[in-house]
Amino acid sequence: MTDTVPDSWRSALDPALAAPEARRLGGWLRAEEEAGKAIYPPRGQRLRALELTPLDQVKVVILGQDPYHGPGQAHGLSFSVPQGVRQPPSLVNILKELHADLGIVRPDHGNLESWAKQGVLLLNNALTVEAGQAGSHQMRGWEAITDAAVQAVAGRTEPSVFILWGSHAQKKAQRIDALKSGRHLVISSPHPSPLSAHRGFFGSRPFSQSNAFLEANGRDAVDWSL
């Protein structure tokens, strides 16, 4: 928890960051690192989603579960990997759906920073993970912080899109009352993982749906090309 919270998010996240759970999370992460465990993403990248997408610029929220747990993969944005890193299977399926939806040719990289800089909040439920141990930092305290981030977007007057892939993301968003107001668009489908993508993720057209909603509500569409 040594990463600095960006100013645009601070007031929304301060209550969660001041809670005992956040302090325990910080202490636990330090202890894990001091014990020699590799934690992804590295310090300085754990709040990257918030850094690249200020609260007042959020148009779309894409919720992931936790960071990739392989070396060099996680860099603070859900489903994204740095330039030069092989696209993980879920990201491959996302890019396949992007091509089917908008005709955008699959790029030779998996870096989604250009989406984040346009207002697509690529947020995971837990913002760290132990190397090789998927889900290892779930229920350690990140959830209250990322819940607060989602709630901050949902509480704004500007209409936004929430893309919820898989039951985990859908359960998280169900707790946000503002999503039920009808002000925002909620797009739900199975997760893009190879285990579930063929159950309704393919053909869900989340990218064109998002842009149609944004433009209908006076907001700029996202350029989803990479």
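The values are calculated or read from the model by the stated rules, or taken from the named source; none is laboratory data. Remember, it's a predicted structure, so these values are computed and weren't measured experimentally. All Cβ positions, even for glycine, are placed from backbone atoms using ideal geometry, and neighbour counts span all protein chains on display. Accessible surface areas use protein heavy atoms only, side chains included; no ligands, DNA or RNA. Shrake-Rupley method; radii C 1.70, N 1.55, O 1.52, S 1.80 Å.
Across region 141-167, the qualifying residues are those that are under 17 Å from residue 128 (Cα atoms) and without any contact (Cβ under 8 Å) to a residue 40 or more places away in the chain, and the one among them that is least open to solvent (accessible area, probe 1.4 Å) is 146.
Residues are listed down the side, and each one gets a yes or a no for (1) surrounded by 14 or more Cβ atoms within 10 Å (Cβ to Cβ); (2) over 15 Å from the mean Cα position of the chain (by Cα); (3) of a type in the set (Ser, Thr, Tyr):
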position	(1), (2), (3)
7	no, yes, no
25	yes, yes, no
44	no, yes, no
49	yes, no, no
60	yes, no, no
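Each residue in region 86-122 was checked for being out of contact with any helix residue (DSSP H, G or I) (no Cβ under 9 Å at 6 or more places or on another chain) and more than 25 Å from residue 198 (Cα to Cα), and 1 of them qualify. Among residues of region 92-105 that are closer than 16 Å to residue 191 by Cβ, those with a beta-carbon under 7 Å from a residue that is in a helix (DSSP H, G or I) at least six positions away or on a different chain give the pairs 93/197; 98/207.
Looking at region 86-117 only, could you name the residues that are assigned to a loop (DSSP other than H, G, I, E, B) and under 14 Å from the mean Cα position of the chain (by Cα)?
Of all residues in region 86-117, those assigned to a loop (DSSP other than H, G, I, E, B) come to 86-88, 103-112, 117.
Hits for region 86-117 are 111, 112, 117.
For region 145-167, taking the residues that are over 12 Å from the mean Cα position of the chain (by Cα) and β-branched (Val, Ile, Thr), the one that is farthest from residue 123 (Cα to Cα) is identified as 157.
For every residue, the table says whether it meets (1) in contact (Cβ under 8 Å) with a residue 12 or more places away in the chain; (2) of a type in the set (Gly, Ala, Ser); (3) within 15 Å of residue 210 (Cβ to Cβ); (4) surrounded by fewer than 21 Cβ atoms within 10 Å (Cβ to Cβ).
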| residue | (1), (2), (3), (4) |
| --- | --- |
| 88 | yes, no, no, yes |
| 112 | yes, no, yes, no |
| 123 | yes, no, no, no |
| 131 | yes, yes, no, yes |
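Hey, does region 197-218 have a residue that's touching a Gly at 6+ places or on another chain (Cβ under 6 Å) and closer than 19 Å to residue 55 by Cα? Looking for residues that are touching a Gly at 6+ places or on another chain (Cβ under 6 Å) and closer than 19 Å to residue 55 by Cα, one finds none in region 197-218, hence no. Of everything listed in (1) open to solvent by 50 Å² or more (accessible area, probe 1.4 Å); (2) in contact (Cβ under 8 Å) with a residue 24 or more places away in the chain; (3) assigned to a loop (DSSP other than H, G, I, E, B), the single unmet condition for residue 21 is (3).
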